[in-house]
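Contents: one structure, followed by commentary.
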Amino acid sequence: MPNPAVRIQNISKCFQLVGGPLANANLTENVRRAAKRAWSKVKALYRLILSRNPTTEEAALAVTFVTDAEKVKPTVGQLGAWEQLAQVLLLSNEFCFVD
C-alpha cells in the first residue's frame, strides 16, 4: 500500500496530472456553473472526480464543510473551500485505488 505521506506531499503534482481542471481553476468554475445550490455543486464535484453521486451523508458532510470553510477568507496561496473539498476527494482511497 502506498505511503499516505507521499500522496499528501505530491498533491500539487496530482492537481497537475488531473490536467486543466484544478491547475487553471476550470474545476471550480465548472462546479459553480453546475448550480447555485451547494448540494448540486457537491454532486457535480463528486461526479467529476469519483464518477458517482455522493450518498446523502457524504453530501451533508461536504455541504457543512464548504459552508463553514467559506466563512474563513483564504490567505494568499491557500486553497478555497471548493478546492479543499476537491483535494479531499482526490486524496481518497476511492479515487486512488481500483477494486
**Asked** What are the residues in segment 71-81 that are modelled with pLDDT of 85 or more and surrounded by 13 or more Cβ atoms within 10 Å (Cβ to Cβ), if any?
**Response** Ala81
**Request:** List every residue pair whose Cβ atoms sit under 9 Å apart, with the two residues 6 or more apart in sequence or on different chains, where the first one lies in segment 73-97 and is touching a residue at least 60 places away in the same chain (Cβ under 8 Å) and assigned to a helix (DSSP H, G or I) and the second, anywhere, is surrounded by 12 or more Cβ atoms within 10 Å (Cβ to Cβ) and of a type in the set (S, T, N, Q).
**Result:** Glu83/Thr28; Ala86/Thr28
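The values are calculated or read from the model by the stated rules, or taken from the named source; none is laboratory data. As the structure is a prediction and not an experimental result, all values here were calculated from the model. All Cβ positions, even for glycine, are placed from backbone atoms using ideal geometry, and neighbour counts span all protein chains on display.
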